[in-house]
1. Please give the Cα centre distance for the range 472-487 versus the range 319-378, rounded to the nearest Å.
2. Using a simple charge model, +1 on the beta-carbon of Lys and Arg, -1 on the beta-carbon of Asp and Glu, nothing else, what dipole does the chain show about its Cα centre, in debye to the nearest 20?
3. Leaving out ligands and nucleic acids, note down the accessible area per residue over the chain with a 1.4 angstrom probe, in whole Å².
4. Straight-line reach only, C-alpha to C-alpha below 19 angstrom: list the aspartates and glutamates that residue 120 could link to, leaving out same-chain residues fewer than 8 apart.
5. Assuming a ≥ b ≥ c are the square roots of the Cα gyration tensor eigenvalues, decide whether the range 323-468 counts as rounded (a/c under 1.5), prolate (otherwise, with a/b larger than b/c) or oblate.
6. Cα-Cα over 27 Å: which of 115/499; 122/283; 374/487; 374/467?
7. With an 8 Å cut-off on Cα pairs and a minimum separation of 6 or more residues, tell me the relative contact order of the range 153-248 in percent.
8. Would you please give the FRET efficiency between residue 321 and residue 22, computed as 1/(1 + (r/R0)^6) with r the Cβ-Cβ distance and R0 = 35 Å, to the nearest 0.05?
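The values are calculated or read from the model by the stated rules, or taken from the named source; none is laboratory data. Treat the numbers as computed from the prediction; the structure is a model and nothing was measured. A quick note on method: Cβ atoms are made from the backbone with ideal geometry, for glycine too, and the neighbour counts reach across all protein chains shown. Keep in mind that these areas ignore ligands, DNA and RNA; they rest on the heavy atoms of the full protein, side chains included. Shrake-Rupley method; radii C 1.70, N 1.55, O 1.52, S 1.80 Å.
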Amino acid sequence: MKKFVIALGLLFSCAAITKAQSDEDALRFSQLTVGGTARFIGAGGAFGALGADFGSLSFNPAGIGVYRNSEMSFTPSVSWTNSRTNFLNIQNETTESRFNVSNFGVVFASDLTRKNSVNKWKRLNFGFGANRTNDFNRSTYYRGFNEDNSLVDYYLEELNEGNGTPPSQITNNYPFSAALAWESYLVNPNFSDTNHYYSVIPDGHVQQDKLIDESGSATEYVFTVGSNYDDRLFLGATFGMPSLHYTSTSSYVETDVNNEISNFSNFQLYDNLATSGIGFNGKFGLAYMVNEWIRFGGAFHSPTIYYLHDEYSSYINAVLDTSQGASYSTPYGVYDYALVTPYRAIGSAAIFFKQYGFISVDYEFVDYGYMHYKFNNYAPVEEQAVENSLNQTIDLKYKSASNIRVGGEFAYEIFRFRAGFGYYGSPFKEGIATEGYDYSRTNISGGFGLKLNSFTIDAAYMHTSSKEYYQPYSLDAEFVPGVGIDKNAGNVVVTMAYKF
């Protein structure tokens, strides 16, 4: 299998530059999941030409113009994620589950024809609330015996690059990377050239274990206004304010399980990262009813500008054969920066079968190559170099993707039955992703509901599957095995809505 092509290594010559930002982080925060109400999720999120559902306000805000009554909705949910890993032909499996809130919101519908019955602008509706747009909760574990190299080799390459690194500069220049190996005596200076170093793990032959616990979510707070012209043209606009929270805690261990490495027993490395922030975007949409059977829709989402704050730290403890070893804690790092996620364009069509239900299709275009970081305009030249390198890597690796959502609903008296399917294309350019692990996703969903005079209750389940690839570290001189991850996620939601 091919590795991801990594065009650069982050620069660590300035202690203020974090080790947190990467192109993988940009992708994580740019991909969206189908969240919101149970009706929206049950029909696969294919609501671009439909509306009258709060979940649609984060996709096509024109849907607010379809409301004829004011409504409040609330959606609790339970989600789980299962990760099956394959590392050096050894397989492991972990499962993580969480309770969360998928949606809450209120729409106020006003009838503009009460005072003027011939007014073709039928309604002016307002809505505000929140839809969950991403879930970061999962646990990933892998284990394998690496016969060729060690994580310490990554730090060694960093120190030996060019003319090497004087010992007195290691901790200041590489506080969050090579200093971990230096301070724990996993790398030591050569006797003949103290600016270059050797590793106590020269040829691999170590067992590598890693557990990564991730948590958090992105929830978009929406403020939407829309109108209805002659019950045919529906217009809407949403001001979105996504709130993002992400934490990652990992423990990595290398062990001389066969007792064949001189002066090395094991080391444990712990990394902690917390990212939080808020973003801003705008969404504009329309829907047009051709006749009682057919409706079309379209929407445009501006890029989201996130203002993010990172907090991070690491700790290492090494046990050597000739001593008790040593431990080292990095400084407590903080960094503020901006991330711009891609714009999106959505086209939709729906066919209605009078009182019996509908079938709907959404096509979504999203350009992941547009993602980019924006550091402080007055940042030192080293930080500007990191920003430029990150953005060049994004340009090299990512492309536009096409997403398809299909959904339907069948109505019988007060009962509603729904099903949906979604395919989300790979964000990577040709030849970049490891074969078989291209980060494309599929969603399969279903649900049912009861619609009473002023109260509805709906339930839905969505299953998401994808194949991802994790590269523990990379080396210039040799191949590093990666971890294939089969990710499956489930989400059960229940929506209670009241019309008034």
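1. So the two Cα centres are separated by 21 Å.
2. Working: 34 positive and 50 negative charges, 736 e Å.
Value, rounded to 20: 3540 debye.
3. 43
4. Hits, sequence-local ones excluded: 111, 230, 231, 292.
5. Cα axes put the range 323-468 in the prolate bin.
6. Check vs 27 Å cut-off fails for 374/487; 374/467.
7. Numbers: 109 pairs, mean separation 20.8, N = 96.
Taking the mean separation of contacting Cα pairs over the length of the range 153-248, I get 22 percent.
8. 0.50
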